[in-house]
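The values are calculated or read from the model by the stated rules, or taken from the named source; none is laboratory data. The shown structure was predicted, so the numbers you read here are calculated from the model rather than taken from an experiment. Positions of Cβ are generated from backbone atoms using ideal geometry, with glycine treated the same way; all protein chains shown enter the neighbour counts.
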């Protein structure tokens, strides 16, 4: 849908075929729904961030950002958006996507506070790129990113705020935002949909299942 929108002002025959394909998918999956069981214990928010690096070179050089947020294993917010400027490296594209995800995550936390949910701090942002981790904690990527990203930018300062957000690495196949940034094969698309719909969440670094109103291994 994001790719169709990007060529909406100047559609082609192939654009029409793609639009029909998307409409057919929506029509054939009308029974699909998002939901989950009511659980007990602390509420857990997961946020996944991902980016492709100039993944649509035919349509343009900008990368695509994706963010997916789940509450207790249930997807509650997601966004797929083209980045406004061209990133000259995959690391720069991933770092910018992480900053966008942090903005969305902060908004969700504000809503959760208003709802009096019991949430852990700091917020946790999950990425599948080691250079995002290094940039966040200022370790080994300074030379690679020199001249690309200014530490004076507000979004960089927000991303580097240790007191507010912790950035952790997950495997590429476990990054649930991957589905929002790339055109996938049918098999991989279905695998990722099933993964997003699963009841598996991360608590204290452990991946556990939420089932039948309880957190396995916890009271």
message: Taking the conditions exactly as written (under 30 Å from residue 133 (Cβ atoms), in a helix (DSSP H, G or I) and either at pLDDT below 80 or over 22 Å from the mean Cα position of the chain (by Cα) (or both)), does residue 3 satisfy them or not?
response: yes
task: Could you check, for the range 197-204, whether at least one of its residues is part of a helix (DSSP H, G or I) and modelled with pLDDT of 85 or more?
output: no
message: I'm checking my understanding of the structure. Among residues of the range 111-122 that are at pLDDT 90 or above and closer than 19 Å to residue 48 by Cβ, which one is surrounded by the fewest Cβ atoms within 10 Å (Cβ to Cβ)?
response: 111
- request: Would you mind finding the one in 63, 30, 80 that is at pLDDT 85 or above and within 25 Å of residue 106 (Cα to Cα)?
  value: 80
